[in-house]
Structure formats: C-alpha cells, structure tokens
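Note sheet for the following structure.
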Amino acid sequence: MNTPLENLTDMAVFACVVDAGSFSAAARHLGVTPSAVSRQVARLEAALHVRLLERSTRKLRLTEAGSAAYSRCQTLVAAAREVMALSDTQSATPRGLVRISMPKAFGRQVIHPLMPVFLARYPEVDVQLIITDRVVDLFEEAVDLAIRLTDAPPPGLAGRPLMPVHHRVCASPNYLRTHGTPVHPRDLAQHSCLYLGEDERDRHWRFRQGGDEVTVRVSGRYVANHSEVRLDGALQHLGLASLPDFTTRQALASGQLVSVLDDWTHVTDYAGTAWLLYPPNRYLAPKLRVWIDFVVAGLAADFG
C-alpha cells in the first residue's frame, strides 16, 4: 500500500497541471515531457481510486473529487514554498516572490503606484499582485498576504491596519453649476448618478447622520463597475459619482471635483479600514517583512 509521502510529487504535479491548464503547459513549466506528467497524474488517481480530471482533446475539467484534491494539493505546494523560504533566514538580503491579494480599486490605485520604487529598492524580491474582489483564502490558496476592507481581522487571522477608506459623492463644478448641488441625500433622486451597477443594490445609496439613516434609489445614463471609469465620468461632467476617497484625492485637491453631502456618512461595503492580513502562525520571511514595512511607510507618506 502506498503511503502519502510516496505521492507528494504526484500531488504537486497534479496541482501544476490544473494551474497550467494542460499537461503540455505543465510539462514545459516543470521541464519534463507531457507523457511523464500524464503518468504522474494517473499514478495519483490510481492511489486515490478516483478520477481527478476529465480529459478531452481541447481542455481538462476537474471532477468533483479533483476539485477537492486540487485545493489540498495547492496547500501542499504553498507549504513547500514556505519551507523553502526559511532559507531567507540565512541571509540578510530579502529574496523570493511575494504574493498579495487585494481589492481591485485599492490594488490599482493605492498599492500599484508604490511597486516600481519597491522593486528598484529590493532587486531580489519579486511581487505578484492578485487583484480581485473575491475573498482569497489564505490557508487554502498560494497567497502570502491579503488586503481586505474590514472592521477588524477575521477570526483566525492576524493583521495590521493600513489606512481608513471612506466613500464620497463627487461631481465636477460644471455639473453642479448646471444641475444644482444636492443638500440632502434625497436630492440625489433628481440627479444623474454614476454607480457600480453590478446588481440592483448598487442603485440604493445609503447615508447616515447621527441616528438618522436614509437610502436613496439613484439613476443615471452612465453606469460602470470600475472606479476609475466613474471618476473620469464625473470629470467629464456626466453626473454625481460614488467613489472611494483614495480615488478622488487629487481631483478634489485640484478643484476638478467637488465633494457633496459631506455632513453625511456614505455607507458602502467598500469602506472601513484596509487591513493587511496573514495567518497568525505563518512565518514572515524577510521578503514579506520588507514589503509590509515599505507599504506601511508609503501609505503614511501618501495618505497620512
């Protein structure tokens, strides 16, 4: 009978096949032949007594058992990378790949601008930004760190607060001169609004002032699920846009946009505190420590 240790390599190869999307792509990545990769996956299937992949001439598809096995094999590969990262302790020079997941707008507009200087300062550290609004599982996926907008670190995770994130309603001075300035959230129903538009809830803007809460159903001729597009729409006088404050900072400072309803708190899911998260028992290699310290210092300089 096989022991789990005998199939560790096969598990890693299987995960590589799924990540690469084909046996041939995995073989190129691993530096072996496609037939060798196929044999290792077949050997793993034989050991487990289940089919992991449905094979066709065009693509591979995970079976139900394959999906369950893949998530666990990913964890295995991530753990192996962490073991190899321990070699960093023998050197004062940070090196290796840092993988960080983060929300789309925050990643593009807050973290990405810092990276050219970081990469120049640490020539032996590579960075992979995984920009997604999906909640990435730090225990199940090959990710070192995650940035999330949340009130506090979720149970089971350690974290470091990076910066507060608020939402503003903004428009160009030209739009406000033409259409008037809303003085109460209910006035928004009479304006053209630029909103997210991913589902019906995105049209219902919520505001809070003291103990009062108001929800307004907005409408407008231009809808976009990207904050930079909504920002540009507001700059082009297309209406009032709901935007995270890190997006509007420069336009407000230059007078290209005006913030309205500032005596109300605009309540959205994309607000709170940006937290940098990691498993509490995860060893923080030098490459992770320098990335964290650099980003914290950069945000303090830019947004502090």
Check your understanding: Would a scan of region 54-74 turn up a residue that is assigned to a strand (DSSP E or B), over 20 Å from residue 7 (Cβ atoms) and modelled with pLDDT of 90 or more?
Key -> no
Study note, to complete from the structure: Checking 160, 168 in turn, the sole residue that is charged (D, E, K, R), farther than 26 Å from residue 79 by Cβ and in contact (Cβ under 8 Å) with a residue 60 or more places away in the chain turns out to be 168
Practice item. Mind listing just one residue for me: the one in region 163-204 that is buried (at least 18 other Cβ atoms within 10 Å of the Cβ) and among the polar types (S, T, N, Q) and, of those, nearest to residue 251 (Cα to Cα)? Key: 172
Practice item. Of the numbered conditions (1) in contact (Cβ under 8 Å) with a residue 24 or more places away in the chain; (2) surrounded by fewer than 20 Cβ atoms within 10 Å (Cβ to Cβ), residue 301 fails exactly one; give the number of that condition. Key: (1)
Exercise for review: Sort out for me the strands (runs of 3 or more DSSP E) sitting completely within region 240-304 that have 3 or more residues that are of a type in the set (A, V, I, L, M) and within 20 Å of the chain's Cα centre (by Cα).
Suggested key: 272-278
Review point. Residue check: is residue 75 closer than 27 Å to residue 137 by Cα and surrounded by 15 or more Cβ atoms within 10 Å (Cβ to Cβ)?
Key: yes
**Study point:** In region 224-244, the residues that are open to solvent by less than 60 Å² (accessible area, probe 1.4 Å), within 19 Å of residue 176 (Cα to Cα) and of a type outside the set (D, E, K, R)
**Key:** 231, 233, 234, 235, 239, 240, 241, 242, 243
Revision key, fill the gap. Taking region 110-146 and keeping only residues that are over 18 Å from residue 70 (Cβ atoms), free of Cβ contacts under 8 Å to residues at least 60 places away in the same chain and surrounded by 15 or more Cβ atoms within 10 Å (Cβ to Cβ), one is left with 115, 129, 131, 133
Review point. Can you tell me which residue in region 283-295 is nearest to residue 162 (Cα to Cα), limited to those that are touching a residue at least 40 places away in the same chain (Cβ under 8 Å) and open to solvent by 40 Å² or more (accessible area, probe 1.4 Å)?
Key: 289
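The values are calculated or read from the model by the stated rules, or taken from the named source; none is laboratory data. Quick caveat: nothing in here was measured; it's all calculated off a predicted structure. Counting neighbours? That spans all protein chains shown, and the Cβs are built from the backbone with ideal geometry, glycine included. Each accessible area value is taken on the protein alone, full model and side chains, heavy atoms only, with ligands, DNA and RNA left out. Shrake-Rupley method; radii C 1.70, N 1.55, O 1.52, S 1.80 Å.
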